[in-house]
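The values are calculated or read from the model by the stated rules, or taken from the named source; none is laboratory data. Keep in mind that this is a model prediction, so the values were computed, not measured. When we count neighbours, we look across all protein chains shown, and the Cβ atoms used for this are built from the backbone with ideal geometry, even at glycine. Each accessible area value is taken on the protein alone, full model and side chains, heavy atoms only, with ligands, DNA and RNA left out. Shrake-Rupley method; radii C 1.70, N 1.55, O 1.52, S 1.80 Å.
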Amino acid sequence: MAQDRPQILSTWSFGRTANAAGWPVLRTGGSALDAVVAAATAVEDDPTVDSVGLGGLPDASGRVSLDASVMTDPDRCGSVCYLRGYRHAAALARAVMEKTTHVLLAGDGAEAFAARQGHRRVSPESLSPAASAAFAEWQARRTKAPPPAREGELPPMNVEERYRNARNEPSHDTVCVLAQDAAGSLAGAVTTSGLAFKVPGRVGDSPIIGAGLYVDQRAGAAAATGNGELVMGVCGSFLVVERMRLGLSPADAIGYVLDRIRDRYRISGEHQVAFIAMTPDGRWAQGALAEGFTAVHTDSD
Ligand code: GLY
């Protein structure tokens, strides 16, 4: 779809929350980078969202860990992973990009960096009431079910039903935000608490540049949500952008990568991967492996 700039595009129904925070930045002449971080932060701050921020569902040990990234170009990207006890992972990813010579900070090091940047530690590090109830239910099911074949594998159950939340969307979802400002610059931000009840230490695609997010001002921007394990092996967001660089439309570039994922993984009914993409000339698209994905687009109309 072709659109006038500025514009902002975010994943899932909480994309409305994201765009409501990011659009005013763009409308008043702010940068795409400021807009995507404002948008991501708004979803991190929403306690009703159980897959982003500290309201997210925990890992198998009962603790929440966050992954996030921001990017504007190959030489301007930053991310944090396995961040615990700090709320604003996307802003922290931006600080990694702007204030260090590194790209990715993990775990204890990311938390120490957050403290040095003046981020407030959330203490005590407790689950939201909804996450706490979901964790207790998961533990109870896990005790009754036969042990999984591999660590972290879910016991047999209707995962789709189990993970549908109040939004009637599967709760394993990342907020991805792409924006283009009035000057035409692109930026992206991605933030998530990752897969519910994951093996402690598991990091998904979101903080991995090229997997969960990729932006190149010369070719376009793309970001991924869904099962990160299906995105990382094909460098999903990078591949979408590279196909746009070769001349494919955003929709066709996303379709190409989804076909690659179908071809290279054994996809089940529980799996979902979705991408959003935007070109430097303002075209955008969304696409998903399975039904049920939504994205929210805002421009001056
Ligand atoms: N796409 C987010 C994750 O897999 O953690």
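What to note about this one:
- Scanning the stretch 69-100 for residues that are assigned to a helix (DSSP H, G or I), touching a residue at least 60 places away in the same chain (Cβ under 8 Å) and open to solvent by less than 10 Å² (accessible area, probe 1.4 Å) yields ALA89, ALA90, ALA93.
- Some residue of the stretch 57-65 being open to solvent by 50 Å² or more (accessible area, probe 1.4 Å), touching a residue at least 40 places away in the same chain (Cβ under 8 Å) and over 17 Å from the mean Cα position of the chain (by Cα): yes
- Residues of the stretch 127-154 that turn out to be at pLDDT 85 or above, of a type outside the set (A, V, I, L, M, F, W, C) and in a loop (DSSP other than H, G, I, E, B), as a count: 1
- All told, VAL49 falls short of being of a type outside the set (Gly, Ala, Ser), touching a Ser or Thr at 6+ places or on another chain (Cβ under 6 Å), assigned to a loop (DSSP other than H, G, I, E, B) and under 19 Å from PRO129 (Cβ atoms).
- Some residue of the stretch 191-204 being closer than 20 Å to TYR256 by Cα, surrounded by fewer than 24 Cβ atoms within 10 Å (Cβ to Cβ) and not basic (Lys, Arg): no
- Scanning the stretch 2-20 for residues that are out of contact with any strand residue (DSSP E or B) (no Cβ under 7 Å at 6 or more places or on another chain) and open to solvent by less than 60 Å² (accessible area, probe 1.4 Å) returns SER13, THR17.
- Residue check for ALA222: within 25 Å of GLY22 (Cα to Cα), within 16 Å of the ligand (Cβ to nearest atom), part of a strand (DSSP E or B) and modelled with pLDDT of 95 or more: yes
- Test: residue in the stretch 111-125 that is modelled with pLDDT under 90 and under 18 Å from GLY194 (Cα atoms): yes
- Annotation: ASP173 fulfils all but one of (1) at pLDDT below 95; (2) within 16 Å of the ligand (Cβ to nearest atom); (3) outside any loop (DSSP other than H, G, I, E, B); the unmet one is (3).
- Check on LEU104, within 21 Å of GLU229 (Cα to Cα) and open to solvent by 60 Å² or more (accessible area, probe 1.4 Å): yes
- Looking only at residues in the stretch 242-257 that are among the aliphatic types (A, V, I, L, M) and open to solvent by less than 10 Å² (accessible area, probe 1.4 Å), the one that is farthest from the ligand (Cβ to nearest atom) is ALA253.
- Lone unmet requirement of (1) modelled with pLDDT of 95 or more; (2) in a loop (DSSP other than H, G, I, E, B); (3) within 16 Å of the ligand (Cβ to nearest atom) for LEU239: (2)
- Selection count, the stretch 21-49, where residues are open to solvent by 30 Å² or more (accessible area, probe 1.4 Å), among the hydrophobic types (A, V, I, L, M, F, W, C) and touching a residue at least 24 places away in the same chain (Cβ under 8 Å): 1
- Candidates VAL190, VAL231, filtered to the one that is near the ligand (Cβ under 9 Å from one of its atoms) and in a strand (DSSP E or B): VAL190
- All positions within the stretch 259-280 that are open to solvent by 10 Å² or more (accessible area, probe 1.4 Å) and not in a loop (DSSP other than H, G, I, E, B): ASP259, ARG260, ARG262, ASP263, ARG264
- Residue in the stretch 206-219 that is out of contact with any helix residue (DSSP H, G or I) (no Cβ under 7 Å at 6 or more places or on another chain), part of a helix (DSSP H, G or I) and either modelled with pLDDT of 95 or more or more than 10 Å from the ligand (Cβ to nearest atom) (or both) present: no
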